[in-house]
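Nothing in this text is a laboratory measurement; each read-out follows from the coordinates by a stated rule. Because the structure is predicted, anything quoted here is derived from the model rather than measured. Methodologically, a virtual Cβ is constructed for each residue, glycine included, from the backbone with ideal geometry; neighbour enumeration extends over all protein chains shown.
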Amino acid sequence: MTRITVTVDGVEYFDEVEPRMLLVQYLRESLGKVGTVIGCDTSNCGACTVHLDGRSVKSCNVLAVQADGHEVTTIEGLAANGSLHPMQTAFHETHALQCGYCTPGMIMQACDLLKDNPDPSEQEIREGLEGNLCRCTGYHNIVRAVQQAAGAMREGVAS
Amino acid sequence: MTVTDETQTREAPELEIGRARFRKEDERLITGRSRFTDNMQLPGMLHLAMVRSPFAHATITSIDTDAAKAAPGVIAVVTGEDIKDIQGVNANAWPITTDQVTPTHLPVVIDHVACAGEIVAVIAARTEAQARDAIELVDVDYEELPAVLDSKEALKDEVLAHPDLGTNKSAFWQLDSAAQGSGGDVEEAIAKARTDGVVIEREFRQQRLIPAFMEPRSTVVDPTGDQLTVWSATQVPHILRFLIAATTGLPESKLRVVAPDVGGGFGGKLQTTPEEFATIAVARRLGKPCKYTETRSESLLSGHHGRDQWQKLTLSAEKDGTVTGLKVELIADLGAYVAVIGGGIPVLGAWMFNAIYKFPAYQFNCQTVLTNKAWVDAYRGAGRPEATFGIERMMDELAAEVGVDPLEIREQNWITHEEFPFTTVAGMTYDSGNYEAATAKAKELFGYDALRAEQARRRADKDPVQLGIGVSTFTEMCGLAPSRILGSLNYGAGGWEHASIRMLPTGKVEVITGSSAHGQGHHTAWSQIVADRLGVAFEDVEVLHGDTAIAPKGMDTYGSRSLVVGGEAVVRAADKVIEKAKVIAAHLLEASADDLEFSGGRFGVKGTDRGLAIGEVALATFAAHNLPDGVEPSLDSDATYDPVNFSFPHGTHLCAMEVDTETGATSMRSYACVDDVGVIVNPLLVEGQIHGGLVQGISQALWEGAEYDENGTLVTGSFVDYTLPTAADTISFVTDTTVSPSTTNTLGTKGVGEAGTIAATPAVVNAIIDALRPLGIHDIQMPCTPERVWQAIQSASTPPEGEREAAPHFDERAPNQDPPGGSITEGGAQ
Ligand code: FES
Ligand code: FES
């Protein structure tokens with residue numbers, strides 16, 4: 001067992017974890033942060049995407065011990081002060097989710113994408129989400145959602 | 001109200017039906033408060049891991065569990081022998097013939113393994129990691145048997161998938177239009193065309209696919225006393241409950257099945273699975289809550305697969321392209337077992353190969369066959385995509401042979417809008433449709449004529465990248481299904497759907513539906529329907545489903561049936577509420593019930609301004625202080641609706657593909673489709689279903705395929721090898737609708753869940769073939785990977801003249817013949 005200190009969605013946790021425990025397992029099993037889900041065992045689907053120190057990572061591809069001393073944000077910590085993140089609103093308003101299983105990872109990845117490129121083209125959005133699979137939506141409305149959120153966030157910055 | 005709401009509202013803005021309402025389901029899903037089965041933790045819960053056979057076909061001679069039992073955290077290791085009296089079976093509910101050969105499908109095998117991945121033992125441990133760690137400590141002795149993997153080989157009965165059955169042939173099923181009196185004799189039509197018409201003969205391959213829903217399947221079982229609660233990632237909680245009771249002997253009344261949030265299904269969760277039954281048996285044996293969640297690799301290996309057919313098609317026509325007959329000969333690979341409706345899936349194609357056309361003679365033959373591979377069952381479209389692919393490919397081949405535009409040959413043969421209702425050569429009565437309108441709109445949105453002109457230019461210029469245009473004018477049958485028809489087909493259940501409406505004293509409304517959703521948006525759509533019907537606010541309607549303790553009756557969600565059948569049940573339950581409320585309202589208003597009219601949620605006395613809102617009636621009914629004599633104090637109502645006919649959505653899909661003739665690379669340039677799914681309750685939901693369906697259909701054409709090696713090992717057993725498309729592989733679509741209301745239900749709806757998937761596959765393949773047809777290519781096996789396209793181009797550029805005819809007959813050397821069987825290395829054009 002290894003001791004770790006990690007801040008998840010604004011709360012600091014001290015825990016003992018098995019060295020082989022994945023970050024996604026730590027989030028789900030130790031912290032009950034089941035909003036972050038698991039869709040594969042080969043790091044292909046992106047369903048488990050969270051932010052580690054503000055950048056997106058596939059949490060099935062990171063060990064819990066690697067998060068020691070770092071800050072993790074999950075889908076559960078994205079809404080601030082009771083209001084949804086513009087990306088969450090955009091997913092809702094453009095019908096960018098059906099079953100919702102890919103959605104936490106998709107939203108976290110989309111936020112990361114806009115961090116690098118606040119005004120992406122359709123192709124840049126598509127390439128930026130390449131690591132996240134969705135079987136329901138055909139991606140059409142996910143692209144719309146990211147476009148809408150990008151617009152809203154640029155306006156937010158401007159005002 | 002949002003911009004989207006206003007712009008997408010249909011002519012009557014005050015009505016909910018037709019509004020692009022945002023989904024009620026979304027909030028918990030976008031904030032991570034989802035309730036997927038694997039999210040559940042119960043006190044004292046054990047975690048299960050499955051020991052699976054690595055062999056496709058073997059007998060088990062011994063299982064040593066001692067080392068595993070001694071491993072840290074392991075509570076029990078359970079074999080098939082240990083639970084043989086309580087585990088039940090994974091039943092087949094649709095024997096397509098009375099003499100169908102149906103191997104017994106045990107959840108945990110005892111001594112015979114019929115495909116790789118079958119469960120041999122179950123480990124229960126305190127943590128999931130401990131359970132998985134113990135898998136390799138279970139020592140199983142297998143005696144390997146020869147495996148039969150190819151369906152055509154299997155038909156020879158030389159190697160048997162189940163030696164004790166004596167044959168691999170499961171069942172043969174035929175529909176013959178002459179025999180049933182719905183059309184002429186197909187052999188005569190073909191014979192005549194051989195002398196003075198056109199005969200097109202092709203053999204197409206429908207490759208094996210994997211539904212690949214994003215949420216891996218998970219089951220939690222809580223045995224409390226003699227009661228058992230099962231949470232499962234299933235599309236069919238009601239069917240699951242019935243089949244657990246029917247095959248394990250557990251009383252149905254002691255069983256509660258819950259489908260919480262379910263992360264996609266696409267038919268893949270229309271099953272009762274060995275994993276569910278094994279979890280139930282182990283939980284009962286240990287008397288403790290147990291959870292099993294599969295890994296993705298296990299999901300791909302042991303969840304059921306879809307499609308997997310060979311289609312031998314013979315189309316006869318007059319010289320001018322008027323079709324005179326179609327003969328279909330299918331070989332359907334069922335895999336190792338006849339899954340819950342596995343045998344029936346290819347048979348659904350019987351009514352769909354004739355599609356939107358007026359064929360005078362028709363015959364459909366289907367031979368189902370057992371092999372040592374994962375069992376095959378419903379995957380989005382289920383029997384209808386296979387049929388649509390076959391006929392839409394054939395219509396393109398006919399157009400090429402006759403030398404006309406593919407849309408022209410379709411128009412020449414399709415049912416015109418004046419001809420509805422139309423009884424087809426297969427014996428189905430299509431109630432409504434307008435193929436001309438959908439096609440005209442699609443052509444315009446697509447820019448059909450301009451693209452054809454560009455294609456001609458690029459052909460003339462010998463552009464190395466050729467443009468292909470693919471057409472698919474599809475129909476499908478939805479709204480499964482009239483119970484009487486299901487009975488005549490030997491199906492094990494009815495096709496009705498149930499709904500209840502509870503009027504709460506505060507004026508809120510609870511709708512209980514038997515259709516258990518997994519992403520489709522029932523909560524939103526049902527709210528819109530009830531809001532209109534009862535005149536209450538959209539926000540005041542709550543929809544409950546997916547728990548047999550709350551929604552005790554239902555037939556669940558598949559086959560694009562929810563809205564058409566389940567939505568109609570909701571309408572009828574609402575109408576009963578109004579009838580009950582009217583009696584009480586009349587009493588309270590001291591008027592005759594005949595003098596009341598109900599509109600906008602209010603009972604008004606005709607000719608006066610006196611009236612009562614339905615919520616007020618609900619409160620008065622709750623108080624029950626002043627009700628008419630003999631009237632019970634409840635407005636709550638139930639309806640069970642059994643449809644009288646199927647519904648028949650249709651559409652015209654047009655696809656433009658760029659095909660690089662030097663490398664075989666293809667890319668989609670544009671895709672436009674116009675679907676007629678009847679009256680639309682929520683355009684946002686309809687578009688979402690179309691988009692998602694399209695990508696699944698496109699993906700069959702271009703990327704997906706489940707492949708086994710010669711030992712029966714699934715080589716596409718992870719997301720590295722089973723290649724789902726990403727956002728970067730796909731494009732934005734142009735979608736639109738036309739509306740010819742269905743006449744078989746009150747709302748005029750037709751069903752939309754499978755349309756995109758059914759239509760898209762042939763549109764894409766037709767486009768690729770269209771690009772390459774000048775080279776003499778008339779088929780490429782799916783998925784049309786760059787390698788296969790390149791191979792087709794290579795072999796087409798050299799063959800002797802005889803093999804480049806537009807209409808080859810069945811000849812093993814002809815370029816459209818694929819070698820039987822599927823090793824991953826083969827190219828489509830070999
Ligand atoms: S679970 Fe699939 S990438 Fe992490
Ligand atoms: S919404 Fe179901 S997988 Fe994306």
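From the square roots a ≥ b ≥ c of the eigenvalues of the alpha-carbon gyration tensor of the stretch A:2-78, which class results: rounded (a/c under 1.5), prolate (a/b over b/c), or oblate? Working shown, then result.
On the way: a/c = 1.59, a/b = 1.22, b/c = 1.30.
Oblate, since a/c reaches 1.5 and b/c is not below a/b.
Pairs of alpha-carbon atoms within less than 8 angstrom and 6+ residues apart define the contacts here; what relative contact order does the stretch B:152-302 have, in percent?
RCO, the stretch B:152-302: 23 percent.
Where the centroid of each part is defined by its Cα atoms, how far is the stretch B:45-108 from the stretch A:104-124 in Å?
Spelled out, the Cα-based centre of one part sits 45 Å from the other.
Set the Förster distance to 56 Å, then compute FRET efficiency between A:Asp68 and B:Ile485 from the Cβ-Cβ distance, nearest 0.05.
0.35
Out of every Cα pair in the stretch B:459-502, what percent are spaced more than 17 Å from each other?
Cα-Cα pairs in the stretch B:459-502 separated by more than 17 Å: 64 percent.
May I ask which of A:Lys58/B:Lys152; B:Lys24/B:Lys269; A:Lys33/B:Lys24; B:Lys288/B:Lys576; B:Lys327/B:Lys462; B:Lys69/B:Lys553 have a Cα-Cα span longer than 32 Å here?
On the way: A:Lys58/B:Lys152 43 Å; B:Lys24/B:Lys269 23 Å; A:Lys33/B:Lys24 23 Å; B:Lys288/B:Lys576 44 Å; B:Lys327/B:Lys462 38 Å; B:Lys69/B:Lys553 41 Å.
Beyond 32 Å: A:Lys58/B:Lys152; B:Lys288/B:Lys576; B:Lys327/B:Lys462; B:Lys69/B:Lys553.
What's the average, rounded to a whole number, of partner chain beta-carbon atoms within 10 Å of each residue's beta-carbon in B:682-694?
So the per-residue partner count for this stretch is 4.
Using the alpha carbon gyration tensor of the stretch B:351-413, what are the three equivalent-ellipsoid semi-axes (square root of 5 times each eigenvalue), largest first, in whole Å?
Details: eigenvalues 164, 32, 25 Å².
Equivalent ellipsoid semi-axes, largest first: 29, 13, 11 Å.
Taking θ as phi - 60°, what are the ³J(HN,Hα) couplings along the stretch B:24-31 by the Karplus curve (6.51, -1.76, 1.60), each to the nearest whole Hz, with x for Gly and Pro?
Couplings: 5, 6, 5, 3, 5, 7, 8, 10 Hz.
Mean separation of Cα pairs under 8 Å and 6+ residues apart, divided by the residue count of chain B: what relative contact order is that in percent?
Relative contact order of chain B: 15 percent.
If you wrap a convex hull around the C-alpha atoms of chain B and split its volume per residue, what is the figure in Å³?
Dividing the Cα hull volume of chain B by its residues yields 173 Å³.
Would you mind listing how long the stretch B:710-778 runs along its three principal axes, going by Cα atoms, in whole Å with the largest first?
Here the spans come out as 53, 37, 28 Å, largest first.
Multiply the residue separation of B:Glu158 and B:Leu42 by 0.36 nm, subtract the distance between their alpha-carbon atoms, and state the gained length in nm to one decimal.
Fully extending the segment from B:Glu158 to B:Leu42 adds 36.7 nm.
Among B:472-483, B:570-581, what's the highest-first ranking by average C-beta atoms within 10 angstrom per residue?
Result, highest mean first: B:472-483, B:570-581.
Return A:Lys58, B:Lys24, B:Lys319 ranked ascending by Cβ neighbour count within 10 Å, so the fewest neighbours appear first.
Working: A:Lys58 23, B:Lys24 19, B:Lys319 11.
If I rank by nearby Cβ atoms, fewest first, I get B:Lys319, B:Lys24, A:Lys58.
Within 10 Å of each Cβ of A:15-26, how many other protein chain Cβ atoms are there on average?
1
Would you please calculate the Kirkwood hydrodynamic radius of the stretch B:494-575 over all C-alpha pairs and express it in Å, rounded to one decimal? Write down the numbers at each step before the final one.
Working: mean 1/r = 0.0810 Å⁻¹.
That comes to 12.3 Å for the stretch B:494-575.
Given a Förster distance of 30 angstrom, what is the FRET efficiency for B:Glu419 paired with B:Asp594, based on the Cβ-Cβ distance and rounded to 0.05?
0.10
Does the stretch A:1-149 come out rounded, prolate or oblate, given a ≥ b ≥ c as the square roots of the eigenvalues of its C-alpha gyration tensor, rounded meaning a/c under 1.5 and, failing that, prolate meaning a/b above b/c? Please report the intermediate quantities before stating the final value.
Numbers: a/c = 2.03, a/b = 1.73, b/c = 1.17.
Prolate shape, in that a/c is at least 1.5 and a/b is the bigger ratio.
Could you check the spin-label model distance between A:Leu84 and A:Ala152? Points 7 Å from the Cα along Cα→Cβ, value in nm.
0.6 nm
In which sequence would B:Thr61, B:Thr723 go, from the one with the fewest C-beta neighbours within 10 Å to the one with the most?
On the way: B:Thr61 10, B:Thr723 17.
Ordered by Cβ neighbours within 10 Å, fewest first: B:Thr61, B:Thr723.
For the pair B:Ile550 and A:Met1, how long in nm is the line joining their label points, each one 7 Å along Cα→Cβ?
3.8 nm
Beta carbons within 10 angstrom, averaged per residue: use that to sort the peptides B:245-255, B:518-528, B:654-664, B:224-234, highest first.
Numbers: B:245-255: 14.7, B:518-528: 26.2, B:654-664: 21.4, B:224-234: 19.8.
Highest-to-lowest ranking by the protection proxy: B:518-528, B:654-664, B:224-234, B:245-255.
With a cut-off of 8 Å between alpha carbons and a minimum separation of six or more residues, what is the relative contact order of the stretch B:241-339 in percent?
RCO, the stretch B:241-339: 17 percent.
When you count, for each residue, the other Cβ atoms within 10 Å and take the mean per peptide, how do B:707-714, B:108-115 rank with the highest first?
The packing order, highest mean first, is B:108-115, B:707-714.
How far apart, in nm, are two points set 7 Å out from the Cα along the Cα-to-Cβ line at A:Glu130 and at B:Thr608?
Taking the two extended label points, one gets 7.3 nm.
Mean Kyte-Doolittle hydropathy of -1.0 or higher plus an axial Cα length of 20 Å or more: which whole DSSP H helices in chain B meet both? Intermediate results must be reported in sequence, preceding the final value.
Details: long enough: B:384-402 (27 Å, -0.25); B:568-589 (31 Å, 0.65); B:683-702 (28 Å, 0.66); B:755-772 (27 Å, 1.45).
The qualifying helices are B:384-402, B:568-589, B:683-702, B:755-772.
From other protein chains only, count the Cβ atoms within 10 Å of every residue's Cβ in B:695-708, then give the mean.
1
Need one word for the protein assembly as shown: rounded, prolate or oblate. Basis is the Cα gyration tensor (sqrt eigenvalues a ≥ b ≥ c); a/c below 1.5 gives rounded, then a/b vs b/c decides.
Cα axes put the protein assembly as shown in the rounded bin.
As a footprinting exposure proxy, order B:Glu510, B:Glu386, B:Glu597, B:Glu201 by other Cβ within 10 Å, with the fewest listed first.
Result, fewest neighbours first: B:Glu597, B:Glu510, B:Glu201, B:Glu386.
Using each residue's phi in the stretch B:218-231, evaluate 6.51 cos²θ - 1.76 cosθ + 1.60 at θ = phi - 60° and report the 3J(HN,Hα) Karplus result to the nearest Hz, with x for Gly and Pro.
Going residue by residue, I get 8, 9, 10, 10, 10, x, 10, x, 8, 9, 9, 10, 10, 9 Hz, with x marking Gly and Pro.
Can you quote the Å³ per residue value for the convex hull of the Cα atoms in the stretch B:293-406, rounded to an integer?
111 Å³
Using amide H atoms built in the peptide plane, which far-off residues or other-chain residues are under 5 Å from A:Tyr13 H to H?
Under 5 Å from the amide H of A:Tyr13: A:Val6, A:Thr7, A:Val8.
Could you give the length gained by full extension between B:Val465 and B:Ala191, i.e. 0.36 nm per residue of separation minus their alpha carbon distance, to one decimal place? Working shown, then result.
Values: separation 274, 0.36 × 274 = 98.64 nm, distance 4.06 nm.
Stretched fully, the B:Val465-B:Ala191 segment lengthens by 94.6 nm.
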